[in-house]
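Novice: Once you've had a glance at the structure underneath, I'll fire off some questions.
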Amino acid sequence: MRDLAGKGALITGAASGIGRGMARAFTEAGMRLVLADLEADPLAEVAADLRNGGADVHVLTLDVTDRAAMMAAASDVAATLGKLHLLCNNA
C-alpha cells in the first residue's frame, strides 16, 4: 500500500509507546483510525491529541485477551471504518 490517505487502521496497545507512535504516523498519512487499549484514560488523551490535529479517530477500551470483547471489537471496527486496511496488533 503506497497511498494511506483515507484507509482504515486498527491499532491495539495504542495508548502509549509504539502504538501511540504508529497512531501519530498513520494520522499524518491521512488514515482513519480505531485505537484500542485496556487503559481508558491514556487512550482518551491520545485520541484527543490526534483529533485536535484534525484526525479521524475512534477509540475502544479493549482487553485483547477477552475473546468475546475482540469479536465485538471486530464488529465495531467494521461499522466504524467499513474496510480495514491495516491491523497493528501491538498489545
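Novice: Would you mind calculating the gained length between T80 and S16 on full extension (0.36 nm times residue separation, minus the Cα-Cα distance), in nm to one decimal?
Specialist: The span from T80 to S16 would gain 20.8 nm if fully extended.
Novice: Just to make sure I understand: if all protein chains stay in place, what is the order of M70, M22 by accessible area at 1.4 Å, largest first?
Specialist: Output order, biggest surface exposure first: M70, M22.
Novice: Could you check how much of the accessible area of the range 9-65 is carbon and sulfur, as a whole percent, using a 1.4 Å probe?
Specialist: The C+S portion of the solvent-accessible surface of the range 9-65 is 50 percent.
Novice: So, one more: If you add up the charges near S16, with Lys and Arg at +1 and Asp and Glu at -1, over every other residue whose beta carbon is less than 10 angstrom from its beta carbon, what do you get? Display every interim value, and only then the final one.
Specialist: Details: positive: R20; negative: D37, E39, E45.
Overall, the nearby charge balance is -2.
Novice: Under DSSP H, which helices of the chain have Cα atoms covering 20 Å or more of the helix axis and a Kyte-Doolittle average no less than 1.6?
Specialist: Passing helices, by number: none.
Novice: Counting alpha carbon pairs within less than 8 Å and at least 6 residues apart, what relative contact order, in whole percent, applies to the chain?
Specialist: Over the chain, the number comes to 36 percent.
Novice: Could you pull the accessible area for T65 with a 1.4 Å probe, rounded to 10 Å²?
Specialist: Estimated to the nearest 10 Å², T65 gives 120 Å².
Novice: Out of these labelled values of mean projected area of the Cα convex hull in nm², [x] 6.5; [y] 5.1; [z] 7.7, which was calculated from the coordinates shown here?
Specialist: This structure yields the entry labelled [y].
Novice: Just the accessible area per residue of the chain, please: how many Å² with a 1.4 Å probe?
Specialist: Per-residue accessible area for the chain comes out at 57 Å².
The values are calculated or read from the model by the stated rules, or taken from the named source; none is laboratory data. Owing to the predicted nature of the structure, the values given are computational and were not obtained by experimental measurement. Here the Cβ is made from the backbone with ideal geometry for all residues, glycine too, and neighbour counts use every protein chain on show. Remember, those area values only see protein heavy atoms, side chains included, never the ligands or the DNA or RNA. Shrake-Rupley method; radii C 1.70, N 1.55, O 1.52, S 1.80 Å.
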